[in-house]
Amino acid sequence: MAQFQIRPEYVSFDNYGTLISWHMNDTARELTRGQLDDAQFAAFTATFRKYRYDAVLGDYLPYDDILQNSFDRACQRHGIESRTDAGAILGEAVASWGAHDGIVEPLTTMGKNYKLVILSNGDDRHLNSSVPRLGAEFHAVLTAEQAQAYKPRYQAFEYMLDTLGARPEDFLHVSSHTRYDVMPADDLGFVNKVYLDRGFDPHARAYNYLTVKSLDEVNAMLGL
């Protein structure tokens, strides 16, 4: 059964998909327009998602390069033409997205009572655009660019621990991604983990997390 510590020192978050809405497929649709029908595009987006995961497991590259690499590989796999500017276009889209509905108010309440931290797979420029749209004050905003590693690599989480001088048990970590966040966090000894279920990843119950549908539920757990 998942464990939960009522008064963690930090509440840490994944950003894209968890706090900021995720619209990668909308931009990918524009970049592949005229080359794929609806069924083919659905298969393409699944491949593109998997190649993004594979790309972040290696050495750090700027996120636009990760996106270009993943898009190129997906296009090759599906027999369509890629674009040399796809990574830049996708990266600009990432920086443009806004907060999910139901995020700003409960996050603001949480920030008045806890130290909020973001650990994101974006680069600094993406977070510089996104974080102000969340409306809350953050104790720290940490990126793959700073860590020189992407989640799910342990180095990303270790960078957060080292930067804050903290231990895994000092955190409640919230994410909408089991593969990128929940699983490696559990490996590293993060006891308090919440999966904000937006349907992105399959469940992985063996990794000891609580599942919620909203940040209001997290605030209720925290007694707010």
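The values are calculated or read from the model by the stated rules, or taken from the named source; none is laboratory data. Computed from a prediction, not measured in an experiment: that's the story for all the values here. Cβ atoms come from the backbone with ideal geometry, glycine included; neighbour counts cover every protein chain shown. Surface areas here come from the heavy atoms of the whole protein model, side chains and all, with no ligands, DNA or RNA. Shrake-Rupley method; radii C 1.70, N 1.55, O 1.52, S 1.80 Å.
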*asked:* Antiparallel versus total DSSP beta bridges in the chain: what percent is that, nearest 5?
replied: 5
_Accessible surface of Tyr60 - all protein chains present, 1.4 Å probe, nearest 10 Å²_ = 40
*To the nearest 20 debye, what is the magnitude of the charge dipole of segment 23-96 about its Cα centre, counting +1 on the Cβ of each Lys and Arg and -1 on the Cβ of each Asp and Glu?*
240
*Calculate the length of the line joining the C-alpha centroid of segment 140-169 to that of segment 75-91, in whole Å.*
30
*Mean shadow of segment 23-96, computed from the convex hull of its alpha carbons, in nm²?*
4.5
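Order Glu92, Glu137 by their accessible area, 1.4 angstrom probe, all chains in place, largest first. Present the calculation step by step, with values, prior to reporting the outcome.
Details: Glu92 110, Glu137 150 Å².
Largest accessible area first, the residues go Glu137, Glu92.
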*Only Cα pairs under 8 Å and at least 6 apart count here; give the relative contact order of the chain as a rounded whole percent.*
27
*Sequence neighbours fewer than 8 away in the same chain don't count; with that in mind, list the aspartates and glutamates whose C-alpha is under 12 Å from Lys151.*
Asp14, Asp54, Asp59, Asp181
*Which number comes out as Rg/Rh for segment 17-63 once both Rg and the Kirkwood Rh are worked out on C-alpha atoms?*
1.03
*In a Gaussian network model over the chain where Cα atoms closer than 10 Å are linked, find which of Asp170, Asp186, Asp26 has the largest mean-square fluctuation.*
Asp26
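What value does the chain have for Rg/Rh, both radii from Cα atoms and Rh as Kirkwood defines it? Kindly include the intermediate steps, with their values, before the conclusion.
On the way: Rg = 17.4 Å, Rh = 17.9 Å.
Rounded to two decimals, Rg/Rh equals 0.97.
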*asked:* Placing unit charges on C-beta atoms (Lys and Arg positive, Asp and Glu negative, everything else neutral), compute the dipole magnitude of the chain about its Cα centre in debye, rounded to 20.
replied: 360
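Take each uninterrupted DSSP H stretch in the chain, measure its Cα extent along the helix axis, and return the ones at 30 Å or beyond whose mean Kyte-Doolittle hydropathy is at least -1.0.
Details: long enough: none.
In the chain, no H run is both long and hydrophobic enough.
Considering only protein heavy atoms and a probe of 1.4 Å, how much of the accessible area of segment 23-96 is carbon and sulfur, as a whole percent?
On the way: 1740 of 3800 Å².
Using a 1.4 Å probe with all protein chains present, segment 23-96 comes out at 46 percent carbon and sulfur.
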*Considering amide H positions built from the backbone, and no H for Pro or chain starts, which residues 5 or more places from Ile20, or on another chain, come under 5 Å of its amide H?*
His100
*Leaving out same-chain residues fewer than 8 places away, which aspartates and glutamates sit with a Cα under 13 Å from that of Lys213?*
Asp101, Asp197
_Selected from His203, Ser96, Val182, residue furthest toward positive end of dipole (segment 92-224; charges at beta carbon)_ = His203
*Using the scaling law 2.2 N^0.38 Å as the reference, what is the normalised Cα Rg of segment 130-224?*
1.08
*Assigning unit charges at the beta carbon (Lys, Arg +1; Asp, Glu -1) and nothing else, what dipole magnitude in debye, to the nearest 20, does segment 113-224 show about its Cα centre?*
220
